[in-house]
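To start, the structure under review is shown below, and the notes come after it.
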Amino acid sequence: NATAQRATGEAADNFSGYVPRIYNWGISLTRQKFNLRANWNYRGRQRLDEVAAGALLILVLFLLSFLAVWVRARLAGAEVGLFDLVGMRLRAVPYTVIVDAKIAATKAGLTVDVEKIDAHFLAGGNIVQTVQALIAAQKAGLHLDWNRACAIDIATRGTNKSVLEAVLTSVSPKV
């Protein structure tokens, strides 16, 4: 058994989503105690219409806009997913600032999830000051975790103080 389908000529260009070449063949042998069968199928490239190709191009260009930030984070050892960056963009979060804060924390030896940094930004926190406060506390030998640093940052919002100033004051008190 064999089939072949092939479209040629000018009319073949008018079919969007059409596969111009398809080849099938098969052989089977059936006996009382066994059944032997072999099949082969070749399917040529499917033609996309202009809308699908344009949408694919826009999607690729959209993902390429995140590539430089993703590579920078990857090279710095800070694990940030490409789709995390897309989610931040859709939530109108400045993903470059988030990634820079993640890189700074990672380089200082701190482990902070990107989701937590993102959540602190969405809560109205100053992520740069918070990460710098964590780094300063670590260097001073103080135990300050991310949740406490975020709570201090949110509590000092609207005042002239910041979480970084609070940490620096506890390191070297002002008299």
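Within the same chain, lysines fewer than 8 places from Lys116 are excluded, and of the rest, those with a Cα less than 30 Å from its Cα are Lys102, Lys107, Lys139, Lys161.
So how do 32-41, 80-89 stack up, highest first, on mean other-Cβ count within 10 Å?
So the peptides 32-41, 80-89, ranked by packing, come out 80-89, 32-41.
Surface composition of region 114-175: carbon plus sulfur atoms contribute 57% of the solvent-accessible area (1.4 Å probe, protein chains only, all chains present).
Using the heavy atoms of the protein chains alone and a 1.4 angstrom probe, what is the accessible area of region 48-175 per residue in square angstrom?
Numbers: 7730 Å² over 128 residues.
That works out to 60 Å² per residue.
How do Ile27, Ile154 stack up against each other in accessible area, from largest to smallest, with a 1.4 angstrom probe? The partial results should precede the final answer.
Working: Ile27 105, Ile154 55 Å².
Most to least solvent-accessible, the answer reads Ile27, Ile154.
For region 94-154, just say rounded, prolate or oblate: build the C-alpha gyration tensor, square-root its eigenvalues into a ≥ b ≥ c, call rounded for a/c under 1.5, and beyond that prolate if a/b exceeds b/c, oblate if not. Because a/c hits 1.5 or more and a/b fails to exceed b/c, region 94-154 counts as oblate.
The values are calculated or read from the model by the stated rules, or taken from the named source; none is laboratory data. Quantities reported herein were computed from a predicted structural model and do not represent experimental measurements. Positions of Cβ are backbone-derived with ideal geometry, glycine not excepted, and every protein chain shown enters the neighbour counts. Accessible surface areas use protein heavy atoms only, side chains included; no ligands, DNA or RNA. Shrake-Rupley method; radii C 1.70, N 1.55, O 1.52, S 1.80 Å.
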